[in-house]
Amino acid sequence: MAGRKSVGKEARRAELGKAVEQAMAARGLEGLRLRDVAEAAGITPAAVLYYGDLDELVRTTYRQAIERYSQEREEAVSRFTDARDQLRACIDRGVATGPDDTLTRLLFEYWPRCLRDARAAVLDSSLTERQIAVYVAVLTLGQAQGHFTLEDPPRLLAASFVALEDGYQMELLAGRRTRTEVLTALHAYARAVTGHTLARPDSAGPASGS
């Protein structure tokens, strides 16, 4: 009986997480209210509070979003053994499909809290470090396979990849750049630091939507 209750509670938590995402997509983080989450979940505000206050629910949703985003990218890269293909997959998976990419928007909605909230900053740092780790592995493999010529340490280049992505993502989400433009810019940086020209950017977006 206790096991079934636990499974049911986890399922409700997952549903509530989706409701938080839906409400944040509609109102943004700063305008988010408890009743917005309750309405999206189809329950009362009091029922929502059974699972935590609004800040805790948002933080949990953000943590889950980090995991989904990171896993999708890591899995996309792991499909290949050639570092050139891995690098292209890594870049393609990391760029939002467009201004309405819900998962990417969720991650960026939360970012301003990192300036004043230490717990938010820790979560954001975990996301950054996880993305850097993917790039480090790809660049190191490419160097070992003889495909990439690196003039700087892999971690330095990897951190710059992620920083460029973050900056361009803001432009993309704001509608000031297209996905194709962002991919083209990142491919240009990849060419500059690895000496290898990647295949033409795929503007259609990742195979599995966010």
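The values are calculated or read from the model by the stated rules, or taken from the named source; none is laboratory data. Just so it is clear, the model here is predicted, and its values are computed rather than measured. Cβ sites come from the backbone with ideal geometry, for glycine too, and all protein chains shown count toward neighbours. Ligands, DNA and RNA are excluded from the accessible area calculation, which covers all protein heavy atoms including side chains. Shrake-Rupley method; radii C 1.70, N 1.55, O 1.52, S 1.80 Å.
Things worth noting here:
- Taking a point 7 Å out from the Cα of Gln71 in the direction of its Cβ, the residues of region 111-127 whose backbone N falls within less than 16 Å of it are 127.
- With every protein chain in place, region 97-210: carbon and sulfur % of accessible area (1.4 Å): 54 percent
- In percent, rounded to a whole number, the relative contact order of the chain is 20, using alpha-carbon pairs under 8 Å and six or more apart.
- Extension gain (nm, one decimal) between His196 and Glu171, 0.36 nm per residue minus Cα-Cα: 6.4 nm
- Folded to 0 to 90 degrees: helix 118-144 orientation relative to the chain principal axis, Cα: 30 degrees
- Rounded FRET efficiency, nearest 0.05, which uses the C-beta distance separating Thr60 from Cys114 and R0 of 22 Å: 0.85
- Heavy-atom accessible area per residue - region 1-154, 1.4 Å, Å²: 53 Å²
- Taking label positions 7 Å along the Cα-Cβ direction at both Ala46 and Asp100, the computed distance is 3.8 nm, reported to one decimal.
- √(5λ) per eigenvalue of the Cα gyration tensor, the chain, largest first, Å: 35, 18, 15
- Between helix 83-94 and the chain: long-axis angle, C-alpha atoms, 0 to 90°, nearest 10: 30 degrees
- Spin-label model, Ala188 to Gln22: label points 7 Å out along the Cα-to-beta-carbon direction sit 4.1 nm apart.
- Proportion of all alpha-carbon pairs of region 103-210 beyond 18 Å (%): 57 percent
- Measuring nothing but how far apart in sequence close Cα pairs (under 8 Å, 6+ apart) lie, relative to its length, region 92-210 scores a relative contact order of 37 percent.
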